[in-house]
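The values are calculated or read from the model by the stated rules, or taken from the named source; none is laboratory data. Predicted model only: the values in this text are computed from it and were never measured. Note that each Cβ is placed from the backbone with ideal geometry, even for glycine, and that neighbours are counted across all protein chains shown. Areas reflect the complete protein model, heavy atoms only, side chains present, ligands, DNA and RNA absent. Shrake-Rupley method; radii C 1.70, N 1.55, O 1.52, S 1.80 Å.
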Amino acid sequence: MSFQRQTMEAEPFDESDFLEFIALGGGNEVGRSCHVISYKGKTVMLDAGVHPAMNGMAALPFYDDYDLSTIDVLLISHFHLDHAASLPYVMMRTDFKGRVFMTHPTKAIYRWLLSDYVRVSAISANDSSALYTDADLSASFERIETVDYHSTTEVDGIKFTAYHAGHVLGAAMYFVEIGGIKVLFTGDYSREEDRHLNVAEVPPQRPDILITESTYGTSTHQPRQEKETRLLNLITKTILNGGRCLLPVFSLGNAQELLLVLDEYWQNNSNLEGIPVFYASSLARKCLAVYQTYINMMNDSIRKKFRDDRSNPFQFKHIRSLKNLERFDDLGPCVMVASPGMLQNGVSRELLERWAPDAKNTLIVTGYSVEGTLAKQILNEPSEFPSITGGGIKVPRRCFVEEISFAAHVDYKQNSEFIDLLNARNIILVHGEQTNMGRLKSALLSKYKDLRDSPEEIKIFNPRNSEEVRLPFRGEKIAKVMGTLAAKHPTNGQILSGILVQKNFEMSILAVEDLPEFSGIGTTTVLQRQSVAVDASSELVKFHLQQMFGAVTDVSTDQEVGFCVMDAITVWCRKPSLVIEWEGNMINDAIADTVLAILLSVDSSPMSVKISSKGSHYTGHLDRPEKIERLLVFLDAQFGTTVEPMENPDDGVYIKIDQNVATVNFRSMEVICSYEPLRSRVRHVVDHAIGTFLPLNDNGSDFRNGDMDLDERELKSEE
């Protein structure tokens, strides 16, 4: 399936500035919730469920549409199958390599819930269609990490914090931060106070993006007290008529809430004492121990009873566990709380087929019914429905059917109020059937229409599965000054010099000596060495270095001759090569490159002439034109086009820089200029030029004054 895109208006943003969201499941549907957010090279998956109305591979989110090997973190909001049941498949049957997190109660219940799912799946389908085995479940379970509410965890630059979501024990909303962009994923959440759970919290920070459920769209729930009254009145009426009440429930979640309601009602109505109340779920029975353990994570009402009455509310006084349906004496009126809630299979389906033909019995659907399930279909009160045994067998339906939903999901009023409190500028709707989701989007757009085309405009998206949403964000990059650099408050205009260190999305400026303490980075000095073959004397090497760098420090030892350039580069004369050594850094590397270029040009320079096969340099007996020519090479190299010949080129040259003119007389070698800095510079070049091609004559004599002295010394040398 190829990706489609819902994208905000085109703006001049870099590609890396876009946060990408894609629903692999739960887009315009309820079931197989799975969402992925990706930003700045970091990827987070939210939930990994299955679709309750489907089996096998068809029940999975569209995992083939995404490279699961890129997922860094997978966060599970709660233990319900439509949010967690494909997790072992992801961890054991795909390329997923990331880390998985959930709350402590979720992990405790998850193991039991998925073991039951594997068992039921094996009964209803052949092994070849099973998504994973119990061995896969056990292996994946060991890799799951737990988090506490209100505790922030960081994984490679991804920060996330869990908050109470209501809904079921251990359910969490996740506040995720990547590169300064904040995202709140509500999962399934409830803002309604019930008998045992905390209501969903409002995080203290404002998110940039809110990913929220839209299960009930624009519907409004009946007040809690009215729902309980309706439920208990209907149960009482059915019992007094000699009928049986079937309440299909999720094994965990609204089952425990209903059991608390029924136990309290039976406690307060002694006339019902002889009427049995059962809960038929081995899974719920096992997991009650988890509920009894995590009393401290429930609301004040439960904790108060536990503290003051020294009793555990989940140790029911009027409710019995039905361990085996075969041993159930189906005689007379009773109330049966049984799983699963969608009536697709299990105890609730068997009892429905047994009791549906009798008009005295009542079916009360207490949770949200997903499209495609029998629970959804039977709300339309069909005259018959297919038997689970197959073969075209139909079961007549004469029992009374009523929907009194105790599903812990927000209605429109609660959802819109929560959205207002968060004040996010981008809202992505998930976990809702297409009609409900579309109605909620329209209602919110209408609510915020006055903000349209303003800086405070609220964008609302309702993507389908595998449809990508791209949101541009351009955050400020802030670097913190730490360590010794932060010891004093900076003054206005002060230049701060240090090393910029970035770890994931956090940047800091540190002094070199503070690196180990504040960044864990050690420092190392790299000594670089380069050898180059140069057949020249050490004096000539030194001369060439002085021409470029001025003063050169002699660092010779008893064993070898060496020079230090700019206190950074050392040149060792180790015949037949020259060795350059320096401490590696950006500045020293540039100086070393210059030194190397100079050394490579020594042999070919006009200032150097070979006098033997061994590499000595001399000028021999040069005639006047050759000497002038070589002097001009120096002047041209230093002053370029500013050098102009006199009327008679043999007499000398003018060097014109800005408004200043220096005269060089080739006959007296005198330099005349009224501007002393220019005269000194030209004098220096002329002296070095003469010193290059004269002092290395056979007699080693220096040139003193004028052209005549030069000729006389050459004549004496010839004699």
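Gain in length, Arg93 to Ser138, computed as 0.36 nm per residue apart minus the alpha-carbon separation, to one decimal in nm?
14.8 nm
Where the centroid of each part is defined by its Cα atoms, how far is the stretch 241-318 from the stretch 527-603 in Å?
So the separation of the two Cα centres works out to 89 Å.
Counting only heavy atoms of protein chains, what accessible area per residue, in Å², does the chain have with a probe of 1.4 Å?
Value returned for the chain: 48 Å² of accessible area per residue.
Would you mind checking which residues have amide H under 5 Å from Ala280's amide H? H placed 1.01 Å from N; only 5 or more apart, or other chain.
Leu322, Val337, Ala338, Ser339
Once you keep just the Cα pairs under 8 angstrom separated by 6 or more residues, what percentage relative contact order results for the chain?
The normalised contact order for the chain reaches 12 percent.
Run through the DSSP bridge list for the chain and note the antiparallel percent, rounded to the nearest 5.
Percentage antiparallel, nearest 5: 60.
If we sort 455-465, 485-495, 667-677, 91-101 on the protection proxy, mean other Cβ atoms within 10 Å, highest first, what's the order?
Ranking, from highest mean packing down: 91-101, 455-465, 667-677, 485-495.
Take the Cβ-Cβ distance between Glu350 and Lys480 as r, set R0 to 45 Å, and report the resulting FRET efficiency rounded to the nearest 0.05.
The value I calculate is 0.10.
Using only the Cα atoms of the stretch 68-206, build the gyration tensor, take square roots of its eigenvalues as a ≥ b ≥ c, and label the shape rounded, prolate or oblate: rounded if a/c is under 1.5, else prolate if a/b is larger than b/c, else oblate.
oblate
Using 0.36 nm times the number of residues separating Leu421 and Thr389, minus their current alpha carbon distance, what extension gain do you get?
Stretched out fully, the Leu421 to Thr389 stretch lengthens by 6.5 nm.
Considering only DSSP beta bridges with both partners in the stretch 374-526, what is the antiparallel share in %, to the nearest 5?
Among the beta bridges of the stretch 374-526, antiparallel pairing accounts for roughly 55 percent.
Residue by residue through the stretch 670-681, which ³J(HN,Hα) values in whole Hz follow from phi under the Karplus form 6.51 cos²θ - 1.76 cosθ + 1.60 (θ = phi - 60°), with glycine and proline marked x?
With the stated coefficients, the stretch 670-681 comes to 8, 10, 10, 6, 6, 9, 4, x, 6, 4, 5, 5 Hz.
How large is ³J(HN,Hα), in whole Hz, for each residue of the stretch 220-229 in order, when computed from phi with the Karplus curve 6.51 cos²θ - 1.76 cosθ + 1.60 and θ = phi - 60°, using x for Gly and Pro?
10, 6, 5, x, 4, 5, 5, 4, 5, 5
Given only helices, namely DSSP H runs of n ≥ 4 each adding -39500 (n - 2.57), what is the per-residue ellipticity at 222 nm of the chain, to the nearest 500 deg cm²/dmol?
So the calculated ellipticity at 222 nm is -9000 deg cm²/dmol.
For the chain, just say rounded, prolate or oblate: build the C-alpha gyration tensor, square-root its eigenvalues into a ≥ b ≥ c, call rounded for a/c under 1.5, and beyond that prolate if a/b exceeds b/c, oblate if not.
The shape class here is prolate.
Share of antiparallel DSSP beta bridges in the stretch 14-134, in percent to the nearest 5?
60
If amide hydrogens are placed 1.01 Å from N in the peptide plane, which non-local residues have theirs closer than 5 Å to the one on Phe62?
Gly25
What order, most packed first, do the peptides 110-119, 558-567 have when packing is the mean number of other Cβ atoms within 10 Å of each residue?
For the peptides 110-119, 558-567, the packing ranking is 110-119, 558-567.
For the stretch 265-315, just say rounded, prolate or oblate: build the C-alpha gyration tensor, square-root its eigenvalues into a ≥ b ≥ c, call rounded for a/c under 1.5, and beyond that prolate if a/b exceeds b/c, oblate if not.
In terms of gyration-tensor shape, oblate.
Where the centre of each part is set by its Cα atoms, how far does the stretch 651-692 sit from the stretch 452-525, in angstrom?
Result: 56 Å between the Cα centres.
Can you sort Thr133, Thr103, Thr523 by solvent-accessible area, 1.4 Å probe, largest first?
Listed by decreasing accessible area, they come as Thr523, Thr133, Thr103.
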